[in-house]
Amino acid sequence: MKNKENILQDSFGRQHTYLRISLTELCNLRCTYCMPAEGIQLSPKSHIMTYDEVYTLAKTFVDHGVTKIRLTGGEPLVRKDADVVLRKLATLPVELSITSNAVIIDRFIDVLKECNIKNINVSLDSLNAEKFKEITRRNDFEKVYKNIMLLINEGFNVKLNAVLINGFNDYEIIDFIKLTQELPVSVRFIEFMPFDGNKWDKEKMVSYAEVMSHVNDNFNSGEVIRLQDAPNDTSKNYQIKGYKGTFAIISSVTNPFCDSCNRIRLTANGKLKNCLFSATEADLLTPLREGQNIEPIIQKAMRSKFKIRGGMDTLKKLEEPKFHSQNRSMITIGG
Ligand code: SAM
């Protein structure tokens with residue numbers, strides 16, 4: 001690791017070792033909380049990082065201390081050369097992982113194994129095919145469920161991400177937890193977060209406290225085990241006694257975990273986001289194409305990182321569209 005200038009440390013002393021790279025703005029689902037109903041303005045193809053550029057940028061971050069890379073999107077696997085990107089990144093000394101909606105992941109089992117990918121996060125917001133269709137605007141529940149089983153059987157560590165929406169899928173909290181009785185998966189309930197165009201409303205969000213209230217109404221206190229969270233973990237982890245899997249809550253809205261944040265994001269069009277909620281971005285792709293040294297640009301971007309949620313340090317600020325709509329929509333950030 002070069003790291004002599006510590007360019008990935010921010011002004012609060014947080015060292016960033018985890019890079020999430022969005023490979024594409026395209027997706028084969030249309031999740032209502034992620035993609036605005038009117039669609040998005042896609043970047044011109046020439047503004048999207050090529051696989052060589054993804055690799056070069058990723059390597060720069062790895063040279064400065066990144067040890068973990070997660071690929072996301074859009075749907076990372078709809079990118080035509082997803083296999084090439086995976087193989088190139090697999091040559092870096094990092095833990096490589098991927099977040100996918102699993103619609104076509106069955107075609108990638110061999111390449112995922114070849115690239116030594118062990119941890120796969122899959123979005124699944126409902127266990128009911130009709131609800132799944134309503135939220136994703138696509139009829140792919142059976143395919144996704146089958147592919148989740150395939151991933152488990154093939155030995156991957158699978159986390160299922162469910163964004164909870166009040167009155168829509170919150171009645172499934174216990175069904176999701178019961179899934180972990182026999183399946184060795186981690187179900188993660190994500191608090192619905194506000195981004196540009198996703199019609200977020202506080203009333204639609206199911207909080208950490210509300211999830212735990214459902215849990216405590218359905219299980220005896222002795223059955224609910226609070227697990228030790230990993231360092232830099234964004235989730236609060238639990239297990240029901242005797243169950244094979246676990247469950248967790250990601251509470252970015254009601255209990256942000258910014259103090260231990262070690263994450264940075266690279267968008268498909270080569271912009272560095274120092275925080276999921278940041279309104280500002282640093283273009284790395286243009287200077288890279290111009291042959292400039294991008295390290296000072298990265299350093300400057302990291303030094304300008306806010307302490308909490310891109311400067312929306314109170315729930316009140318996060319709730320205000322004038323703040324959160326300055327950010328991109330999630331489909332072009334990558335979760
Ligand atoms: N296509 C992949 C997938 O479906 O997992 C990767 C991209 S998706 C944007 C990454 C994650 O962001 C998913 O788990 C999704 O549920 C989450 N996400 C998107 N919009 C969100 C929102 N408004 N609040 C909370 N999580 C959100």
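The values are calculated or read from the model by the stated rules, or taken from the named source; none is laboratory data. Values in this document were obtained by computation on a predicted structure and should not be read as measured data. As a convention, Cβ positions derive from the backbone with ideal geometry for all residues, glycine included, and neighbour counts pool all protein chains shown. Surface accessibility is based on the protein's heavy atoms, side chains included, excluding ligands, DNA and RNA. Shrake-Rupley method; radii C 1.70, N 1.55, O 1.52, S 1.80 Å.
Using only side-chain charges placed at the Cβ, +1 for Lys and Arg and -1 for Asp and Glu, the dipole size of region 188-290 relative to its Cα centre rounds to 260 debye. Mean projected area of the convex hull spanned by the Cα atoms of region 1-93, taken over all viewing directions: 7.5 nm².
The long axis of helix 208-218 is offset from the longest Cα principal axis of the chain by roughly 30 degrees. Scanning residues 5 or more positions from Lys68 or on other chains, those with amide H under 5 Å from its amide H are Leu19, Glu95, with H placed 1.01 Å from N in the peptide plane.
Placing unit charges on each Cβ (+1 for Lys and Arg, -1 for Asp and Glu) gives the chain a dipole about its Cα centre, and among Gln9, Tyr33, Phe192 the Cα reaching farthest toward its positive end belongs to Gln9. Axis angle, to the nearest 10 degrees, between helix 141-153 and the longest C-alpha principal axis of the chain: 80 degrees. Divided by 2.2 N^0.38 Å, where N counts the residues, the Cα radius of gyration of region 76-133 comes to 1.26. Remark on region 199-310: Rg and Dmax equal 19.1, 61 Å (Cα only). Using a Gaussian network model on the chain with a 10 Å cutoff between Cα atoms, which of Asn274, Asn119, Asn220 fluctuates the most? Taking springs between Cα atoms under 10 Å, the residue moving most is Asn220. Here the Kirkwood formula, the inverse mean of 1/r across different C-alpha pairs, assigns region 267-317 a hydrodynamic radius of 11.8 Å. About the centre of its Cα atoms, region 228-335 shows a dipole size close to 160 debye [charges on the beta carbon of Lys, Arg (+1) and Asp, Glu (-1) only; nearest 20 debye].
Put the Cα centre of region 253-270 next to the Cα centre of region 140-158 and the gap is 27 Å. Expressed as an acute angle from 0 to 90° and rounded to the nearest 10, what is the orientation of the C-alpha long axis of helix 51-63 relative to the principal long axis of the chain? Once rounded, the angle reads 90 degrees. Ordering Thr91, Ala129, Thr180 by the projection of their Cα atoms onto the charge dipole of region 47-199, which places +1 on the Cβ of Lys and Arg and -1 on the Cβ of Asp and Glu, puts Thr91 at the extreme positive end. Think of it this way: in the chain, Cys27, Cys115, Cys258, Cys261, Cys275 stand alone, with no other Cys Cβ under 4.7 Å.
Take the alpha-carbon positions of region 76-176, form their convex hull, and give its projected area averaged over all directions (one quarter of the hull surface) in nm². It is 6.8 nm². Across q = 0.08 Å⁻¹, the chain modelled as identical point scatterers on its alpha-carbon atoms has Debye log10 I(q)/I(0) values of -0.36, in the order of the q list. Note on Asp140: accessible area approximately 20 square angstrom, rounded to 10, probe 1.4 Å, nucleic acids and ligands left out.
Calculate I(q)/I(0) for region 232-274 by the Debye formula, one identical point scatterer on each C-alpha and no solvent, and give its log10 at q = 0.16, 0.24, 0.25, 0.32 Å⁻¹ to two decimals. Log-scaled intensity ratios, in q order: -0.61, -0.87, -0.90, -1.05. A helix-only calculation puts the chain at -7000 deg cm²/dmol for mean residue ellipticity at 222 nm, using -39500 (n - 2.57) for each DSSP H run of at least four residues, averaged over all residues. When only the Cβ of Lys, Arg, Asp and Glu is charged (+1, +1, -1, -1), the dipole of the chain relative to its Cα centre reaches about 640 debye.
Could you work out the pair-distance distribution P(r) of region 123-206 from its alpha-carbon pairs, with 5 angstrom bin width and percents rounded to whole numbers? The calculated distribution, bin by bin, is 3, 14, 23, 25, 19, 11, 5, 1.
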